[in-house]
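The values are calculated or read from the model by the stated rules, or taken from the named source; none is laboratory data. As the structure is a computational prediction, the values presented were derived from the model and not from experiment. All Cβ positions, glycine included, derive from the backbone under ideal geometry; neighbour counts span all protein chains shown.
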């Protein structure tokens, strides 16, 4: 597909199931809903029908697209254009682009959250800041920029009450707390080597961080930023995601091809889930992880093989693999 064509490629009816070892992996027996995947090498945005496993739409996007977030009403999906300066918004039904919001020179937006309030938050790595986009679907969108003062502010989490944001700062080896209301000076603490993954527990009581360079996960106090617990994980835990039920956090251990499952009450790894064999890990190159809304499945973006693995959490098995464009990385789900 030519990147400048603007044409939508319809792939409906093509079942993209690459691996199916259990009855639950058969077409028509999967969950309902849609999965959106940003293809960072192909500069595309894809939509996968979770009921069938088919990639039903793929459209050109911006250069080097990364993280994604769906709107509270499920009608739109926002894309962080890491290779540029904008946050682009698409309709979830047709993947028609409806807005492109520029964040300014050198922004390099990466992490993104579409808050339940309707406001979008995005990191601007090149500006060492985050942005708050109020009214992103209106003609009067208002932008507020909050400096982190740190290198590589990459991923972020937002509190339910929108008073606080947290970023992982890869280049500075820090995690930063940003006060969105009083605009006090941000508070940064050193956390492991190359902290990247970040997730807030559903009750807001714990901030979870994974540090890919030191093979560790950390439980932090969200306000004091004190490290409460340190958890050894598999190798290169690129991302961390807390189950919607709050009972476990999972890290995506890229170099081992596994997921480490951490009991959030004890801060201990209770089991691991193989997604690919150690021999396949480099060829798959798993990155972003995403829970289904019911906490039964985990979706794992495998950037090198252009696939997304669907994992049954309870059984710890890969149910299916979907194709989703070149270099799938960021993901968002629509139940």
For this session: Return a yes/no flag: does the range 226-248 have any residue that is free of Cβ contacts under 8 Å to residues at least 24 places away in the same chain, within 20 Å of the chain's Cα centre (by Cα), surrounded by fewer than 17 Cβ atoms within 10 Å (Cβ to Cβ) and closer than 23 Å to residue 306 by Cα.
Result: yes
For this session: List the number of the failed condition for residue 217; all other conditions in (1) crowded, with 24+ Cβ neighbours inside 10 Å; (2) within 14 Å of residue 154 (Cβ to Cβ); (3) under 19 Å from the mean Cα position of the chain (by Cα) hold.
Result: (2)
Problem set entry | Within the range 279-307, considering residues that are part of a loop (DSSP other than H, G, I, E, B) and touching a residue at least 40 places away in the same chain (Cβ under 8 Å), the one farthest from residue 200 (Cα to Cα) | 306
Exercise. Hey, among the residues in the range 259-291 that are crowded, with 20+ Cβ neighbours inside 10 Å and closer than 16 Å to residue 305 by Cβ, which one's modelled with the lowest pLDDT?
Worked result: 281
For this session: For the range 103-119, indicate whether the set of residues that are under 22 Å from residue 183 (Cβ atoms), surrounded by fewer than 21 Cβ atoms within 10 Å (Cβ to Cβ), touching a strand residue (DSSP E or B) at 6+ places or on another chain (Cβ under 8 Å) and free of Cβ contacts under 8 Å to residues at least 12 places away in the same chain is non-empty.
Result: no
Seminar exercise, completed: Selection over the range 87-116 where residues are within 22 Å of residue 166 (Cβ to Cβ), under 19 Å from the mean Cα position of the chain (by Cα) and in a loop (DSSP other than H, G, I, E, B) yields a count of 4
Problem set entry | Considering residues of the range 41-70 that are surrounded by fewer than 20 Cβ atoms within 10 Å (Cβ to Cβ) and within 16 Å of the chain's Cα centre (by Cα) only, the residue nearest to residue 285 (Cα to Cα) | 64
Exercise. Quick one: would you say residue 131 is part of a strand (DSSP E or B), over 18 Å from residue 288 (Cβ atoms) and over 18 Å from the mean Cα position of the chain (by Cα)?
Worked result: no
For this session: Go through the residues of the range 312-335 one by one and say whether even a single one is out of contact with any helix residue (DSSP H, G or I) (no Cβ under 9 Å at 6 or more places or on another chain), at positive phi, outside any strand (DSSP E or B) and modelled with pLDDT under 95.
Result: yes
For this session: Exactly one condition in (1) on the phi > 0 side of the Ramachandran plot; (2) under 18 Å from the mean Cα position of the chain (by Cα) is not met by residue 251; state its number.
Result: (1)
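Taking the stated definitions as given, is residue 77 part of a strand (DSSP E or B) and more than 19 Å from residue 181 (Cα to Cα)? Explain how you work it out, then say what you get.
Values: part of a strand (DSSP E or B): yes; more than 19 Å from residue 181 (Cα to Cα): yes.
So residue 77 fits the description; yes.
Do you know which residues across the range 136-154 are assigned to a loop (DSSP other than H, G, I, E, B) and exposed (fewer than 13 other Cβ atoms within 10 Å of the Cβ)?
Of everything in the range 136-154, those that are assigned to a loop (DSSP other than H, G, I, E, B) and exposed (fewer than 13 other Cβ atoms within 10 Å of the Cβ) turn out to be 138, 139, 140.
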Exercise. Pick from 319, 334: which is surrounded by fewer than 20 Cβ atoms within 10 Å (Cβ to Cβ), over 26 Å from residue 193 (Cβ atoms) and touching a residue at least 60 places away in the same chain (Cβ under 8 Å)?
Worked result: 334
